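Participant: The structure's right below; bear with me while I get my questions together.
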Amino acid sequence: MTTTTANLGFPRIGAHRELKRAVEEYWNGDRSKEELLAEGADLRERHWRKQDELGLDFVPSNDFSYYDQVLDTCAMVGAVPDRFPWDGDTVDIDTYFSMARGIQEKDLEGDTSGVQAMEMTKWFNTNYHYLVPELSRDTEFSLSSTKIIDEYEEAKGMGIDTRPVLIGPVSFLLLGKTQSEDLNSLDLLEELLPVYTEALQRLADTGAQAVQIDEPALVFELDNEEQVAYTEAYEVLNNATDLDIHLATYFESLGDNLPTALDLPVDSLHLDLVRGEGQLDDALEYGVPSELSLSLGLVDGRNIWRADLDTLLETVETAIDALGSDRVILGPSCSLLHVPTDLDAEPGLDDNTKLWFSFATGKIEEIVALADRTNGDKTGTEALFERSRQAIKNRAESDWINDSDVQERVDGIDDAMTRRDSNRDVRREIQREAFDLPELPTTTIGSFPQTDEMREMRAAYKNEEISQSKYEAFIETQITETIERQEEIGLDVLVHGESERGDMVEYFGRQLDGFIFTENAWVQSYGTRCVRPPIIAGDVSRPEPMTVRWLSYADEQTDELVKGMLTGPVTILQWSFVRDDQTRAETCRQISLAIRDEVRDLEDAGIQAIQIDEPAFREGLPLRESQWAEYLEWAVECFRLASCGVADETQIHTHMCYAEFTDIIDAIVDMDADVISIEASRSKMELLGSFDELDYPNDIGPGVYDIHSPQIPSIEEMEDLIYNGLDVLDEDQMWVNPDCGLKTRRWVEVEPSLKNMVKAAESVRES
Ligand code: GLN
Ligand code: ZN
């Protein structure tokens, strides 16, 4: 009787982003289809062999993807929207990529419209993005890709009997979007199931023993109908095949769905014990049916810390005591897609720091060691257990991590620090008098077009190829130019343009103590786009001012009002790997204090308007609505900590770039920024409804210029949007600005667009 190990998915992009390069070169015509497919096969082989060598019992297959696993599922079931041309038989790789990226019909004379890509959205509360299945009554499901079968056979040919992974039918439908209001996606379940049945039967025919079916939608708050859909679906699938079905859930606890999940006719149920900490006890208490095994999601699949093996072993023992060792499977909390591949790719980190971390391969070693230890191998596993203990001790004692000044400061936070001196009405009057801005003041969100020259100069400076003075002189010329252009355009509140910043989190992280940066720790964000999140490893503090030099310089170049630009604490937290030895709230408070100091220094340097960007504020929301209030409380507190240290005459701006506010509007009011700019142009200002209902008390700049498109918006178009805004907002409350920063655009688009925006504001003012 032994305990087995399983991985739910391995990072597919390659330790050096080989897949990104191969796919992009294929798109550009620099690699043939054969070369692309060969690279894919090569990565799969490497990843399978590695996991197999590490001693993992269930190595996954079909976790590989050329773009996205949900898109793979669309291909598998033939959910190809009508606008994409295909033969209705098999979805080939070009059809597949066109669904992800759309089709540009540049070649067709006079027609530049093309075919729109499928919509992309965030995968639960991760920074991974998936393509949203489009479902309609006309969707005709049929097995249209044999990828899952092919990859199983491919691995088998190498002597590795894998456990294929696929996204389950209920999650697939719940994550999809129906094209008509009256169609509930679950209405399509009955038609979808035969395709799954066929895929499973074909897998069994090729010799597969087991399959992993991911049903992450089981962590949502489901209604009765949705729970019933689960029961029905798995009865069908279970009856259709002899394959062992391992059902995987992750990212949260199952909550009210736990009984439904435990009673499904499957062979094992995977529980995320990192995000859903207490649910092993809940499951044991409810009662695990005798024919069901539990798969324990022990090692954090979403973070990079070395696991606490002794503590995890206790959890394993609890499960074994209740179920017996052969009914317990050990694994990561979720697919390892969300962590970097290999710590060996980080020669820049010293051994001591490396001790703290564990990337994908390290996590598999940890899982295998836990199982081996459980199965009686003490000597062989002791070294890894010892390293785990050392890492914990070392982190607890490290002077680099632990800064008592920071901890004391956080302990000393009091309510007064999160309140401005006067209320919003008083501040508004004071600021109005101080600034003398026109009605409907015009401004931008911060960044202006980033050029190759900027990127080259930043890189050259970082690599010490050019001197500090040369670099600084370069940035100054960029600022001067940007200010001049804004004066010429006629904007009311100017910005310095952010030319010194490559990334809005990295720029600050590099200047703060407590952050670690990696060279190759890439994580897939979507398709071929990867990010390298900073690691917040220690107590955060700010040794020196971070932006004052550039903002002061900008301020000296003009008589107009200059707005300083900072990234907010919640966004910095949200876009980093965060330490696991204290709460997120605690870490966020530390960052907030550092930003607070920067805000005050900017104020001291004469900057009268300061914007604290929080584009990731909404993404921090927990998956379950019942936990929102707790998050919003500390997130709002952190924003206020960062922003409330200034006098009434200093105007605090914030920016969020999405258009969903209704459900968090109270929190946004509580943030108490003097001005908030938001994305609004695409929704034609519809979202302002929620601000209206509430009688939003502060100033708002709903975006009137869609910066995601290269198109130059006309004066009339933007006038209309301003009038739409004024239907809801008072004229002395509204600002005029683009939806977001302009760094991805070119000056040839930006200049005329902003000129039109200024003219639109002027013409509305005069009418
Ligand atoms: N100030 C940032 C910019 O203009 C804001 C970016 C963002 O909202 N994501 O680029
Ligand atoms: Zn934005």
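Participant: Mark the label point 7 Å from the Cα of Arg17 along Cα→Cβ and return the residues of the range 518-558 whose backbone N is within less than 15 Å of it.
Facilitator: 518-534, by backbone N distance to the label point.
Participant: Per 5 Å bin from zero, what fraction in whole % of the C-alpha pairs of the range 576-677 is there, up to the bin with the longest pair?
Facilitator: 2, 12, 22, 25, 19, 12, 6, 2, 0
Participant: Further question: For Gly490, what is the net charge nearby, where nearby means another residue's Cβ is under 13 Å from its Cβ and Lys, Arg count +1, Asp, Glu -1?
Facilitator: On the way: positive: Arg485, Lys755, Lys759, Arg765; negative: Glu484, Glu487, Glu488, Asp492, Glu560, Glu751, Glu762.
Summing Lys and Arg as +1 and Asp and Glu as -1 gives -3.
Participant: Same structure again: What is the Rg over Rh value, at two decimals, for the range 672-720, using alpha-carbon atoms and the Kirkwood definition of Rh? Present the calculation step by step, with values, prior to reporting the outcome.
Facilitator: On the way: Rg = 12.0 Å, Rh = 11.9 Å.
Ratio of gyration radius to Kirkwood radius for the range 672-720: 1.01.
Participant: In nm², what is the average projected area of the convex hull enclosing the Cα atoms of the range 380-458? Could you put the intermediate results ahead of the total?
Facilitator: Numbers: hull surface 53.2 nm².
Orientation-averaged projected area of the Cα hull: 13.3 nm².
Participant: Percent antiparallel among DSSP beta bridges with both residues in the chain, to the nearest 5? Show your work: numbers first, answer last.
Facilitator: Details: 11 of 65 bridges.
Once the DSSP bridges in the chain are tallied, antiparallel ones form about 15 percent.
Participant: If the only charges are +1 at each Lys and Arg Cβ and -1 at each Asp and Glu Cβ, what is the size of the charge dipole of the chain around the Cα centre, to the nearest 20 debye? Could you put the intermediate results ahead of the total?
Facilitator: Details: 67 positive and 159 negative charges, 402 e Å.
Computed about the Cα centre, the dipole is about 1940 debye.
Participant: Report the dimensions of the range 108-262 along its three principal axes from the alpha-carbon atoms, largest first, rounded to Å.
Facilitator: Over the range 108-262, Cα extents along the principal axes are 54, 42, 31 Å.
Participant: How fast does the range 1-115 diffuse by Stokes-Einstein, in µm²/s, taking the Kirkwood radius from C-alpha pairs at 4 °C and 1.567 mPa s? Present the calculation step by step, with values, prior to reporting the outcome.
Facilitator: Values: Rh = 16.3 Å.
Rounded, D is 80 µm²/s.
Participant: Taking Cα centroids, how far is the range 503-568 from the range 1-78 in Å?
Facilitator: 32 Å
Participant: Okay, next question. Could you work out how far the C-alpha centroid of the range 443-469 sits from that of the range 357-389, in angstrom?
Facilitator: 44 Å
Participant: Which distance in Å, rounded to a whole number, links the C-alpha centroids of the range 323-345 and the range 167-223?
Facilitator: Value for the Cα centre distance between the two parts: 24 Å.
Participant: Okay, moving on. What are the radius of gyration and Dmax of the range 477-548, computed over its Cα atoms and given in Å?
Facilitator: Computed over the Cα atoms of the range 477-548, radius of gyration and Dmax are 16.5, 45 Å.
Participant: Report, in degrees rounded to the nearest 10, the 0 to 90 angle that the Cα long axis of helix 628-643 makes with the longest principal axis of the chain.
Facilitator: 40 degrees
Participant: Another question, if that's okay. Would you mind estimating how fast the range 287-359 diffuses translationally, via Stokes-Einstein at 10 °C and 1.306 mPa s with the Kirkwood radius over Cα pairs, in µm²/s? Walk me through the numbers on the way to the answer.
Facilitator: Values: Rh = 14.0 Å.
The estimated diffusion coefficient comes to 114 µm²/s.
Participant: At what distance in nm do the modelled label points of Ala117 and Ser467 sit from each other, each positioned 7 Å from its Cα along Cα→Cβ?
Facilitator: Between Ala117 and Ser467, the simple spin-label model gives 4.4 nm.
Participant: Projecting each Cα onto the charge dipole of the range 586-627 (Lys/Arg +1, Asp/Glu -1 at the beta carbon, about the Cα centre), which of Gln611, Ile595, Leu621 comes out farthest on the positive side?
Facilitator: The residue sitting most towards the positive pole is Leu621.
Participant: Same structure, new question: Bin all alpha-carbon pair distances of the range 304-415 at 10 Å intervals from 0 and give each bin's fraction as a whole percent.
Facilitator: Pairs per bin, as whole percents: 12, 35, 30, 16, 6, 0.
Participant: Most exposed first by the Cβ proxy, i.e. fewest other Cβ within 10 Å, how do Ser467, Ser171, Ser290 rank?
Facilitator: Working: Ser467 11, Ser171 22, Ser290 8.
By the 10 Å Cβ count, ascending, the order reads Ser290, Ser467, Ser171.
Participant: OK, next. So between Arg765 and Glu34, what do we pick up on full extension, going 0.36 nm a residue minus the alpha carbon distance?
Facilitator: Numbers: separation 731, 0.36 × 731 = 263.16 nm, distance 6.03 nm.
Contour length minus the Cα-Cα distance gives 257.1 nm.
Participant: Just going by the charge dipole of the range 12-119, with Lys and Arg at +1 and Asp and Glu at -1 on Cβ, which of Gln104, Gly29, Gly14 is farthest out on the positive end?
Facilitator: Among Gln104, Gly29, Gly14, the one farthest towards the positive end of the dipole of the range 12-119 is Gly14.
Participant: On a full-extension model of 0.36 nm per residue, what is the gain between Glu408 and Asn224, subtracting their alpha-carbon distance, rounded to one decimal in nm? Don't skip to the answer; put the middle values down first.
Facilitator: Details: separation 184, 0.36 × 184 = 66.24 nm, distance 4.86 nm.
Roughly 61.4 nm would be gained on extension.
Participant: Projected onto the charge dipole of the chain (+1 at Lys/Arg Cβ, -1 at Asp/Glu Cβ, origin at the Cα centre), which of Ile676, Ser290, Ile516 gives the Cα projection farthest towards the positive end?
Facilitator: The listed residue farthest towards the positive side: Ile516.
Participant: Then there's this: Run through all the Cα pairs of the range 428-531 and give the fraction in each 5 Å bin from 0, expressed as whole percent.
Facilitator: 2, 10, 14, 17, 17, 13, 12, 8, 5, 2, 0
Participant: Right, here's the next one. At Thr206 and Asp350, where each label point lies 7 Å from the Cα along Cα→Cβ, what is the point-to-point distance in nanometres?
Facilitator: About 4.9 nm separates the two model spin labels.
Participant: Just subtract the alpha-carbon distance of Glu235 and Leu726 from 0.36 nm times their residue separation and send over the number in nm, one decimal. Show your work: numbers first, answer last.
Facilitator: Numbers: separation 491, 0.36 × 491 = 176.76 nm, distance 5.51 nm.
Result for the pair: 171.3 nm of gain on full extension.
Participant: How far is it, in nm, from the label point at Asp399 to the one at Glu481 when both lie 7 Å from their Cα along the line to the Cβ?
Facilitator: 4.5 nm
Participant: When 1/r is averaged over all different Cα pairs and the result inverted, which Kirkwood radius in Å belongs to the chain? Before the final figure, lay out the partial values.
Facilitator: Working: mean 1/r = 0.0357 Å⁻¹.
One over the average 1/r among Cα pairs gives 28.0 Å for the chain.
Participant: Turning to a different aspect of this structure: Tell me, Kirkwood radius of the range 185-241 from alpha-carbon pair distances, in Å?
Facilitator: This gives a value of 12.4 Å.
Participant: Rg to Rh for the range 669-767: what is it, with Cα atoms only and Rh by Kirkwood?
Facilitator: On the way: Rg = 13.2 Å, Rh = 13.6 Å.
Taking Rh as the inverse mean 1/r over Cα pairs, Rg/Rh reads 0.96.
Participant: More than 18 angstrom separation, counting every C-alpha pair in the range 353-403; what % is that? Write down the numbers at each step before the final one.
Facilitator: Working: 474 of 1275 pairs.
The proportion of pairs with Cα distances above 18 Å equals 37 percent.
Participant: Measure nothing but the geometry: give the 0 to 90° angle between the long axis through the Cα atoms of 18-27 and the longest principal axis through the Cα atoms of the chain, rounded to 10°.
Facilitator: Helix 18-27 and the main axis of the chain meet at about 70 degrees.
Participant: A follow-up question, please. Can you give the convex hull volume of the alpha carbon atoms of the range 224-337 per residue, in Å³? Numbers along the way, then the final one.
Facilitator: Values: hull volume 11.9 nm³, N = 114.
Here the figure is 105 Å³ per residue.
Participant: Also, quick follow-up: Using the structure shown, select from Lys462/Lys563; Lys50/Lys147; Lys33/Lys684; Lys122/Lys759; Lys122/Lys743; Lys354/Lys743 the pairs with a Cα to Cα distance greater than 32 angstrom.
Facilitator: On the way: Lys462/Lys563 27 Å; Lys50/Lys147 21 Å; Lys33/Lys684 42 Å; Lys122/Lys759 36 Å; Lys122/Lys743 22 Å; Lys354/Lys743 35 Å.
Listed pairs above 32 Å: Lys33/Lys684; Lys122/Lys759; Lys354/Lys743.
Participant: From the square roots a ≥ b ≥ c of the eigenvalues of the alpha-carbon gyration tensor of the range 111-163, which class results: rounded (a/c under 1.5), prolate (a/b over b/c), or oblate? List each step's numbers first, then the result.
Facilitator: On the way: a/c = 2.30, a/b = 1.70, b/c = 1.35.
In terms of gyration-tensor shape, prolate.
Participant: Could you work out the percent of alpha carbon pairs in the range 491-602 separated by over 16 Å, rounded to a whole number?
Facilitator: Working: 3844 of 6216 pairs.
Above the 16 Å cut-off, the range 491-602 has 62 percent of its Cα pairs.
Participant: Could you state the principal axis extents of the C-alpha atoms in the range 148-202, from the largest down, to the nearest angstrom?
Facilitator: Its Cα atoms span 49, 18, 13 Å along the three principal axes.
No value in this document is a laboratory result; all are computed from the given coordinates. Owing to the predicted nature of the structure, the values given are computational and were not obtained by experimental measurement. When we count neighbours, we look across all protein chains shown, and the Cβ atoms used for this are built from the backbone with ideal geometry, even at glycine.
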